[in-house]
Each structure stands twice: as structure tokens, then as C-alpha cells.
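The values are calculated or read from the model by the stated rules, or taken from the named source; none is laboratory data. What you are looking at is a predicted structure, and each value in this text was computed from that prediction instead of being measured. Counting neighbours? That spans all protein chains shown, and the Cβs are built from the backbone with ideal geometry, glycine included. For accessibility, only protein heavy atoms count, side chains too; no ligands or nucleic acids. Shrake-Rupley method; radii C 1.70, N 1.55, O 1.52, S 1.80 Å.
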Amino acid sequence: MALGQQPWPLGRNLDKGFPRLSLASVEADGLSLKYLPPDKQADKEVVLKAVWQNGLALQFASEDLRKDRQVVARAVKRDGNALQFACPELRSDRDTVIKALTRTSTALKHVPVELWEDRELMLEAVKQNNRCLSVLPWFQDDFDFVIAAMEVNGIALAHASESLRGNREVVLTALMQNGLALEFASPQLRADPEIVLVAVAQNGWAFAHATRDLRADPKIAYQAVCLNGSALQHVTKPHGCDTHASPYLDPPGEPFDQDQHREAALKALARKWKVPGWRSGPTPPRSPATDLGRSLMSRTSASQSPMATSCCEEDAFDRPTYATEGEVSPVAAAG
């Protein structure tokens, strides 16, 4: 095209089949494939560009290309609902279904009904896209399925049934995978220090989803900060009845819990918050969320067992207790 020459008008020339014009039109708007001549709708290069711009352009491709695995895969990666325009064989193909559900959970309505209760397939879909559990109501109250889903995608807790969002084992499994799942736990569990500290050990920002009472309790807050320095930004203190809480400290310019800063910062916070045992002893070590969670689950299971007795050896991650003055505060010492 010569310098200064205007491009061909699309409306008058689309049906003339100019190759460069056809490609330019679908790159700008994939749905313009509808107005191209049949030979261009059967041109794989043109269709691939069209479905990459808009997956729903697959509906205007030729029948042969709607049977093409590469074309359909590209379309559903762009928009999962494009699955409805694929041939029946590809709508039943497990890899194609996973690609569609990974992109768009509501694409399930275009999946053959016989695959809806395929546990392995649906579990893989939830792993890739937590919202898939929201369109699987028949699995939302299935304990075994939800536990398996939490192991691979903790945020899927948001779409579990209300009863399972209040189940300690389900919630702990989710928190060990992603601490931010604490946001979707029941209010009772978000007020449980043990549950909250497991979440914080995995992700310090999870402390924002603990109840206000816990975030304003210096002893609990100190344990949270020991596990993960990012929790400091969500520690609050009350300013009287029915008032908003305010941060103890402004967010630091860099994470204070770097190795060279951690000990000094923790001692300063323990002194500021008057945490028992701050005068002497080393600062508590970090503990992985998996260690805390497994320890808590095993202790919970033991307490529910008919063989459990009061003389059982206590777990290292016991319900928070605090040292007396002059002792080391046992802050999340598990691990």
C-alpha cells in the first residue's frame, strides 16, 4: 500500500475475498467472519485468527473446521462458551472440556450430561478454575469431593455448601493449600485462633479475614506476625465501643521479617504489645502451614476418637497459651 493511500472500505470489499483484507477484518473483530465468503470461512488461517480475537466466531467457521481440534481448542481457550459450536465428538472430548471449563465455568451447560458426574473430570476442572464448583451443586455438599477439591484449590471453599464451610477438616485442608480461603470459612471458624494461625502461616494477608477481636488481641496478633510478617498490616486496635479499628503501624516499605530484621522487629512488637515473656528468650520460629494444619487435624481427630483420653500427649500446636514474665512465649512453636 502506497504511503498516504487509504485502506479498502471493509463494507464494500469483504465479500470480494481479498486475503489481506479478510485477515485484517477478523483480527479487528473475530465476528466479522460471518460476512466473509464461504471459502474464507473454510480457510484455517483466517478462522484461527478470528477465534483468537473472539472465541464465539467459531459458529461462523465451516463444518470441517468446527471438527478441527486445533481450531476448537483455540476458540474455547478464548471463550469457554464456544464449546457449543464444536462438533459433538469434541464436546465430549475430555481435554477440550477441561480447556473450556478452565476459561468459563458456565460452559458446563454445553458439556454432555453424562460427563457432569464424572468425578475425576470435574475435580480437574475445579483445580483449574475454582468457580467450576459453583455450577456443580450435586458436589457442593459431597464431603469426599470437596476435600479433594480443597487439596488442589483452596479458594474453591467459596463455592462449597454452608455446612462444609463450617467443617474444620474441610477448612483446614483449604487453608493449607491457600490461606486466603479463610475469607470463605464460617464466622465461627474465622474467630478460632488455631484456624486463623494456620491460614496466616500459609499467607500473611489472610489475617485480614480474621474477626476483629482476634486482629485486636495483641497475643494472637503477635503469634500471627511471628508466623508471617505480612500479617502486621492487618493488626488493629480498638478505639472505643462501636468504632472502627486502625492499624498499629503503617505498612512498612519492605517486609520487616527478612532475616536481618525479623528478630529485632518481633522483640520490639512484643515489648510494645506487652506480650508475656518478651523480656528474654529467642523469638519464635516460623512454622509451615502444612505442619500446623496436620497437627491440628490429627489432634482434632484424636479428641473425637472414643479411645482418646485426657492423658494424651499434647500437640506442639496447642490452643494458644502464653508464657509468664521472664519465659519464652510459645508462639506457634510447631515445626
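Do we have residue 202 as open to solvent by 40 Å² or more (accessible area, probe 1.4 Å) and modelled with pLDDT of 80 or more here? Here the answer is yes, as residue 202 does meet what is asked.
Considering only residues that are surrounded by fewer than 22 Cβ atoms within 10 Å (Cβ to Cβ) and either polar (S, T, N, Q) or closer than 21 Å to residue 138 by Cα (or both), which ones fall in the stretch 179-189? Hits for the stretch 179-189 are 184, 186, 188.
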